[in-house]
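Encoded as structure tokens, here's the structure I'll be asking about.
The values are calculated or read from the model by the stated rules, or taken from the named source; none is laboratory data. A quick note: this is a predicted structure, and the numbers were derived from the prediction, not measured. Here Cβ is always computed from backbone atoms with ideal geometry, including for glycine, and neighbour counts include all displayed protein chains.
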Amino acid sequence: MKRLKQIILCLAIPLFIAACDNSIERANNAIGLIQDQMTKLVNELYEVQNLENQLQGHFEEDLKKSGDNLSYFNQEDILVIKNTSLRLEHLTAMEKAAEELEKLIPELINGRKNNALPMKDFESIDKMIQSMKIDLTTYITEYRKNIALEKQTFHSIGNPKIDYNNFFKVFDNINKLSETNLYNLDRLLVHFEPINQLIVDTKVKVVTLLESK
């Protein structure tokens, strides 16, 4: 969580934008929008992790509300099920941010006619984002599958045939799903800092070009 907060702070660094030559200005705007979408992506990911951290507390509260009536867990409006639904919404928002990134990359590449632009940096940003998207797709796809299994697991508590041993297997199932999500998260997180740093460094170069006009 601390690492995510640090990434969010770095992505929020404001940089001055001046007016000038069209290709440089377009590149500058594109970099700014790419930075915005990276910020959105990280923020949505932070929300997913925050909700996941709240899951245990939500389960305990639902269990308390259920009393001796475990059929309570068959409902769709209990806290743990709402938690899974909210995480799905944030995953969809992450997907949309990735789609926007894909649309913005050509704006950088279109600046090839201006030799002053740092094209190698633009190409590196493209390659790094494409690499990130591979792990992002895996994270989102696997997480969605795991959320479906989470919902099934929580609803299974409401099964009148559930016994003592199966009840506690619920925790084992949730822990296993969480481990998978954490593994995919670690693979995804390694991309953010280098991409962010390159975006910031490249934006400084482009802004310098803008100011020199």
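For the condition more than 28 Å from residue 144 (Cβ to Cβ) and at pLDDT 95 or above, what is the one hit in 31, 24?
Numbers: 24 fails: at pLDDT 95 or above.
Being more than 28 Å from residue 144 (Cβ to Cβ) and at pLDDT 95 or above holds for just one of 31, 24, which is 31.
For region 62-81, indicate whether the set of residues that are of a type in the set (S, T, N, Q) and either within 20 Å of the chain's Cα centre (by Cα) or closer than 30 Å to residue 208 by Cα (or both) is non-empty. Let's see the steps before the verdict.
First pass over region 62-81, keeping only residues of a type in the set (S, T, N, Q): 66, 69, 71, 74-75.
Next cut, either within 20 Å of the chain's Cα centre (by Cα) or closer than 30 Å to residue 208 by Cα (or both) only: none.
Within region 62-81, not a single residue is of a type in the set (S, T, N, Q) and either within 20 Å of the chain's Cα centre (by Cα) or closer than 30 Å to residue 208 by Cα (or both).
Per-residue answers, yes or no, for (1) within 18 Å of residue 148 (Cβ to Cβ); (2) crowded, with 17+ Cβ neighbours inside 10 Å; (3) touching a residue at least 24 places away in the same chain (Cβ under 8 Å); (4) of a type in the set (Val, Ile, Thr):
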{"site": "44", "(1), (2), (3), (4)": "no, yes, yes, no"}
{"site": "56", "(1), (2), (3), (4)": "no, no, no, no"}
{"site": "72", "(1), (2), (3), (4)": "no, no, yes, no"}
{"site": "86", "(1), (2), (3), (4)": "yes, no, yes, no"}
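Now, a different point. Within the group 82, 113, 120, 96, which residue is more than 17 Å from residue 33 (Cα to Cα) and at pLDDT 95 or above? Full working, then the answer.
Values: 113 fails: at pLDDT 95 or above; 120 fails: at pLDDT 95 or above; 96 fails: more than 17 Å from residue 33 (Cα to Cα).
One residue alone meets the criteria, 82.
Another question about this same structure. Could you list all residues from region 126-158 that are of a type in the set (A, V, I, L, M), under 19 Å from residue 42 (Cβ atoms) and touching a residue at least 12 places away in the same chain (Cβ under 8 Å)?
128, 129, 132, 136, 140
Taking the condition modelled with pLDDT of 90 or more, in contact with a Phe, Trp or Tyr (Cβ under 6 Å, 6 or more places away or on another chain) and part of a helix (DSSP H, G or I), does residue 196 pass?
Numbers: modelled with pLDDT of 90 or more: yes; in contact with a Phe, Trp or Tyr (Cβ under 6 Å, 6 or more places away or on another chain): no; part of a helix (DSSP H, G or I): yes.
So residue 196 does not fit the description; no.
Here's a check for you: in region 154-167, which residue that is surrounded by 10 or more Cβ atoms within 10 Å (Cβ to Cβ) and either hydrophobic (A, V, I, L, M, F, W, C) or over 12 Å from residue 70 (Cβ atoms) (or both) is modelled with the lowest pLDDT? Reasoning before the result, please.
In the first step, residues of region 154-167 are kept if they are surrounded by 10 or more Cβ atoms within 10 Å (Cβ to Cβ); the result is 154-159, 162, 166-167.
If we keep only those that are either hydrophobic (A, V, I, L, M, F, W, C) or over 12 Å from residue 70 (Cβ atoms) (or both) too, we end up with 154, 157, 162, 167.
Values: 154: 89, 157: 85, 162: 69, 167: 63.
Going through the qualifying residues, I end up with 167.
Here's a follow-up. So which of 104, 55, 63 ends up being among the hydrophobic types (A, V, I, L, M, F, W, C), assigned to a helix (DSSP H, G or I) and within 30 Å of residue 119 (Cα to Cα)? Spell out how you get there, then give the answer.
Details: 55 fails: within 30 Å of residue 119 (Cα to Cα); 63 fails: within 30 Å of residue 119 (Cα to Cα).
The match here is 104.
Of the conditions (1) at pLDDT 95 or above; (2) under 25 Å from residue 203 (Cβ atoms), residue 141 fails just one. Which one is it?
The number of the failed condition is (2).
Which one of the conditions (1) at pLDDT below 95; (2) farther than 30 Å from residue 69 by Cβ does residue 148 fail to meet, given that it meets all the rest?
(2)
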